[in-house]
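Quick note: the coordinates plus some simple rules give every number you see, no bench work behind them. Here the structure is a predicted model, which means the values were calculated and not measured. Cβ coordinates were reconstructed from backbone atoms using ideal geometry, including for glycine residues, and neighbour counts include every protein chain displayed.
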Amino acid sequence: MVKTYRVGVAAMVHDHVWGELKHWKAQPNVEIVAAGDVNQDLRDRIKSQYGVERTYKSWQEMLEREEMDIVQAASENNVCADIVEACAARGIHVVSEKPMAARLSQANRMVQAAQNAGTYLLINWPTAWHAPFQEMERRILAGDIGTLRYFKYRSAHNGPKEIGCDPHFYEWLYDEEKNGAGALMDYCCYGAAMCARFLGLPQTVIGMRAVLAKDYPVPDDNALIAMRYAHAFGVAEASWTQVTGYATANPVAYGSEGALSLDKGKVVILRPGKDTETITPPPTEAPYRNAAEYFLHCLETGAPIEGVCAPAVSRDAQEILEAGKRAADTGQTQTMPLTG
């Protein structure tokens, strides 16, 4: 008999949740049973758009009153640890949106809670399900460009408010306590996660963040984190003031035997003495098309969660982010692992 997984939604203030709900609804063995959020309009939206009739004024009340197998968490960054701990205590598995948390201490709590309870925890990085990124990852890990020496990823747009994010989302993105920073946390997180995936924790980290353009209060609207490894550099860039698409290939990876980049959905490979190779990546295949599908696959098969979505990788990305923020705020290079 096929098991039907009961899914609840803990908070809906992270805009990614609406796309994720489509993925959950598409799974034949999933029932979205309930949702909890303090905002009436968000409760009304999930009821009207997704037919979720049982809604609560808080995710805590939902956990108290509902029986669930999985929780999709879509809260402010600084609430993620509370949700994971509460779910782990009840034996509930969690998918939580990127980044892992607002602070490293919160990310550590999430890892510990899931480990102690034996529950699954997936941190959902949208790039993990994109065909070009999957092809780039396969080739880097297979050694197609030799030993990785340099990796850079820039994540940017013109700002959460400017691109039309829901006010429930950007209001907490602009709150340093709830987000962890500004653009640094929101968008350097992608590069940090990729570097943590390919290179692990760096030896030292430097960082910069500033408000370069916004004329309303934000913690920072541009940021840069640079990572020094024993034999490589990693760079994570973030901007909330980029008014166009990307002018150059992004991300880029240089290795001892060549280079890889993504450019307009293609994978570009350069090797010494050879013509440039441009590859159209194959389409994503099950169970690697979205977080819901992959999470159910892991639950059904007992396979560990791997890649950037693994808790250990996302936790290391959080340490890189915290180091970058400390470096930016103090002007001092941070030595890893962090202390204090």
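For this structure, a couple of remarks:
- By other beta-carbon atoms within 10 Å, ranking 336, 100, 68 with the fewest at the front produces 336, 68, 100.
- Of all DSSP beta bridges in the chain, antiparallel share, percent nearest 5: 55
- Percent of Cα pairs exceeding the 14 Å cut-off, where the set is the stretch 241-290: 62
- 0 to 90° range, to nearest 10: angle between helix 131-141 axis and the chain longest Cα axis: 60
- Taking 20 Å as the straight-line reach from the Cα of residue 264, the lysines in range (excluding those fewer than 8 positions away in the same chain) are 152.
- Of the residues 222, 254, 33, the one whose Cα sits farthest toward the positive end of the charge dipole of the chain, with +1 on the Cβ of Lys and Arg and -1 on the Cβ of Asp and Glu, is 254.
- Taking other Cβ atoms within 10 Å as a rough exposure proxy, 54, 65 sort from fewest to most as 65, 54.
- Under the simplified labelling scheme, the residue 231-residue 49 pair shows an inter-label distance of 4.8 nm, with each label point 7 Å from Cα along Cα→Cβ.
- For the set 178/214; 266/325; 57/214; 98/161, the pairs lying more than 26 angstrom apart at their alpha carbons are 266/325; 57/214.
- Computed from Cα positions, the angle between helix 104-117 and the longest principal axis of the chain comes to roughly 60 degrees.
- Average silhouette area of the stretch 187-340, convex hull of alpha-carbon atoms, in square nanometres: 12.4
- P(r) of the stretch 293-340 over all Cα-Cα pairs, binned every 10 Å from zero, in whole percent: 24, 34, 20, 17, 5
- Cα point-scatterer Debye curve for the stretch 33-90, base-10 log of I(q)/I(0) at q = 0.19 Å⁻¹: -0.66
- Mean projected area (nm²) of the alpha-carbon convex hull when the stretch 76-200 is viewed from all directions: 8.9
- Paramagnetic reach from residue 108 in the stretch 320-340 [backbone N under 18 Å; point 7 Å along Cα→Cβ]: 320-327, 334-340
- Cα-based reach from residue 3 at 22 Å (exclusive), listing lysines while leaving out same-chain residues under 8 positions away: 22, 25
- Restricting the stretch 18-127 to GluC sites (Glu not before Pro) that sit in a DSSP loop and have at most 11 other Cβ atoms within 10 Å of their own Cβ leaves 53, 67.
- Once both labels are positioned 7 Å from their Cα atoms along Cα-to-Cβ, the gap between residue 208 and residue 333 label points is 1.7 nm.
- Linear extension gain, residue 142 paired with residue 275, 0.36 nm per residue minus alpha-carbon span: 45.8 nm
- Residue of 22, 266, 325 that the Gaussian network model of the chain assigns the largest fluctuation, springs spanning Cα pairs under 10 Å: 22
- Counting every C-alpha pair in the chain, the share spaced more than 34 angstrom apart comes to 23%.
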